[in-house]
Amino acid sequence: MIDLYYWTTPNGHKITLFLEEAGLPYRVHPINIGKDEQFAPDYLKISPNNKIPAIVDNAPADGGEPMALFESGAILLYLAEKTGTFIAKDLRGREETLQWLFWQMGGLGPMAGQNHHFNRFAPEKIPYAIDRYVKETARLYGVLDKRLAGRAFVAGDDYSIADMAIYPWIVPYQWQSQDLDDFLNVKRWFESIKARPATVRAYDLANAINPPKP
């Protein structure tokens, strides 16, 4: 059983996408970041960087004590290795997957996150910041679009943890002032993942925990 400490953010969605795809049993513990629940002392013992998501694996492969992990990319890699799924077993395929996982962690996520902040949440509209992050997000969408030319998924023919990491950051593309019609390979890939039953279940869970505001 996996205990998932979760809120309805792109990084949180990554883990529910994996758990639903893999069919691993899990319990959700909502951590409402809007109420600063991520700073609770008990949660900081699991996730010392006071971010979501985090997990506790109550049955790690070494048979030892429950294992806590934080950082969404590390969690995806851990779960992929635990289950032997959603990451290639050959050297080259594995490294393709990891490169694009880290591309999301180091590039798309932080840049789109800043885009969200300055576009939607900053108390003051700062044109320079908005322009900077909208343009950088567009550049990253272009990188992804080129990568997806002639490929079903980011690492090749098979759906992987790289796709699971990237997809939730594309979902709010309108927040990021992006148009998927400008990136037709991304659009095709996006629609294929959106239609997966596990994706539908993951986002239904999110809507149940934190219903969209009218």
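Please work out which one of (1) surrounded by fewer than 14 Cβ atoms within 10 Å (Cβ to Cβ); (2) at negative phi; (3) of a type outside the set (F, W, Y); (4) without any contact (Cβ under 8 Å) to a residue 40 or more places away in the chain is the condition G150 fails and give its number.
Looking at each condition in turn, G150 falls short on (2).
Go through A80, A59 for me and flag whichever is in contact (Cβ under 8 Å) with a residue 24 or more places away in the chain, surrounded by fewer than 17 Cβ atoms within 10 Å (Cβ to Cβ) and small (G, A, S). Let's see the steps before the verdict.
Values: A80 fails: surrounded by fewer than 17 Cβ atoms within 10 Å (Cβ to Cβ).
The match here is A59.
Of the residues that make up the range 8-20, is at least one surrounded by fewer than 16 Cβ atoms within 10 Å (Cβ to Cβ) and either under 30 Å from R151 (Cα atoms) or of a type in the set (S, T, Y) (or both)? Break it down stepwise before answering.
In the first step, residues of the range 8-20 are kept if they are surrounded by fewer than 16 Cβ atoms within 10 Å (Cβ to Cβ); the result is none.
No, every residue in the range 8-20 fails to be surrounded by fewer than 16 Cβ atoms within 10 Å (Cβ to Cβ) and either under 30 Å from R151 (Cα atoms) or of a type in the set (S, T, Y) (or both).
Quick one: N50 ticks every box in (1) in contact with a helix residue (DSSP H, G or I) (Cβ under 8 Å, 6 or more places away or on another chain); (2) without any contact (Cβ under 8 Å) to a residue 24 or more places away in the chain; (3) within 20 Å of E21 (Cβ to Cβ) except a single one, so which number is it?
Only one criterion is unmet by N50, namely (3).
Looking at the range 32-51, is at least one residue under 17 Å from M164 (Cβ atoms) and assigned to a loop (DSSP other than H, G, I, E, B)?
Step one: filter the range 32-51 for residues under 17 Å from M164 (Cβ atoms), giving none.
No, because not a single residue in the range 32-51 is under 17 Å from M164 (Cβ atoms) and assigned to a loop (DSSP other than H, G, I, E, B).
Which one is surrounded by the most Cβ atoms within 10 Å (Cβ to Cβ), of the residues in the range 98-132 that are among the polar types (S, T, N, Q) and over 14 Å from the mean Cα position of the chain (by Cα)?
Taking the range 98-132 first, the residues among the polar types (S, T, N, Q) are 99, 104, 114-115, 119.
Keeping just the survivors that are over 14 Å from the mean Cα position of the chain (by Cα) gives 99, 114-115, 119.
Numbers: Q99: 13, Q114: 18, N115: 26, N119: 19.
Per the criteria, the residue is N115.
Quick test for you: out of E71, E95, E37, pick the one residue that is over 30 Å from A129 (Cβ atoms) and either out of contact with any Leu (no Cβ under 7 Å at 6 or more places or on another chain) or not small (G, A, S) (or both).
On the way: E71 fails: over 30 Å from A129 (Cβ atoms); E37 fails: over 30 Å from A129 (Cβ atoms).
So the residue among E71, E95, E37 that is over 30 Å from A129 (Cβ atoms) and either out of contact with any Leu (no Cβ under 7 Å at 6 or more places or on another chain) or not small (G, A, S) (or both) is E95.
Residue check: is Y167 under 17 Å from the mean Cα position of the chain (by Cα), in a loop (DSSP other than H, G, I, E, B), crowded, with 20+ Cβ neighbours inside 10 Å and of a type outside the set (D, E, K, R)? Don't jump to the end; show me each part of the working.
Numbers: under 17 Å from the mean Cα position of the chain (by Cα): yes; in a loop (DSSP other than H, G, I, E, B): no; crowded, with 20+ Cβ neighbours inside 10 Å: yes; of a type outside the set (D, E, K, R): yes.
Against the criterion (under 17 Å from the mean Cα position of the chain (by Cα), in a loop (DSSP other than H, G, I, E, B), crowded, with 20+ Cβ neighbours inside 10 Å and of a type outside the set (D, E, K, R)), Y167 does not qualify.
Bear in mind these aren't lab numbers, they're just calculated from the coordinates by the rules spelled out. Note that this is a predicted model, so its numbers are computed, not measured. No Cβ is skipped: glycine too gets one built from the backbone with ideal geometry, and neighbour counts run over all protein chains shown.
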